[in-house]
Amino acid sequence: MPESEGILPVPGIRVLPEMTAFWDAMREDVLLLPHCVRCAHVVWAPRPYCPECGSLEVRWEPASGGGAVYSFTVNRRGKGFNRRYEEIGPYVVAYVELDEGPRVLTNIVGCAVDDVRIGQRVRAVIQHSGEDSILRFAPAE
């Protein structure tokens, strides 16, 4: 079976000043999640405010890195707006529900694409390319 071994390209990231803490932590292999001080909502995608209550009081806290596959699809063609993916073969695009609650749109790497299952336990894998980092997930062994 084809395997998604983490060969997916890491796209260039434009870092906004209010997101520096998140990206600095990613470069150090730490996943931070914003937690709303007012309503306790755990925020994804990372941002300096709470989309639930509108509060600007968020606290960046380390995440466990654990989660489960909520939904996924296998892209076997790689065509589309970003042609960098055409040459790499099939890859998994998934929603992972983090142990902290939010669902993250990501890729599953480190296993055969046909082995991914809904409910499968996964762990965060932060992949780097130069100054850029991206959050992906691999099966939890």
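Just a few scattered comments:
- Of all residues in the range 1-57 being of a type in the set (Val, Ile, Thr) and not in a loop (DSSP other than H, G, I, E, B), the one that is modelled with the lowest pLDDT: Thr20
- Subset of the range 123-138 [exposed (fewer than 14 other Cβ atoms within 10 Å of the Cβ) and in a strand (DSSP E or B)]: His128, Ser129
- Filter pass, Glu141 being surrounded by fewer than 17 Cβ atoms within 10 Å (Cβ to Cβ) and in contact with a Leu (Cβ under 9 Å, 6 or more places away or on another chain): no
- Residue list for the range 32-51, filter: among the aliphatic types (A, V, I, L, M) and either surrounded by 17 or more Cβ atoms within 10 Å (Cβ to Cβ) or in contact with a strand residue (DSSP E or B) (Cβ under 7 Å, 6 or more places away or on another chain) (or both): Leu32, Leu33, Val37, Val42, Val43
- If the condition is being assigned to a loop (DSSP other than H, G, I, E, B) and free of Cβ contacts under 8 Å to residues at least 60 places away in the same chain, then the range 101-122 contributes Gly101, Val116, Arg117, Ile118, Gly119, Gln120.
- Any chance Ala68 is small (Gly, Ala, Ser), assigned to a strand (DSSP E or B) and either within 25 Å of Pro17 (Cβ to Cβ) or at pLDDT 95 or above (or both): yes
The values are calculated or read from the model by the stated rules, or taken from the named source; none is laboratory data. Treat the numbers as computed from the prediction; the structure is a model and nothing was measured. Note that each Cβ is placed from the backbone with ideal geometry, even for glycine, and that neighbours are counted across all protein chains shown.
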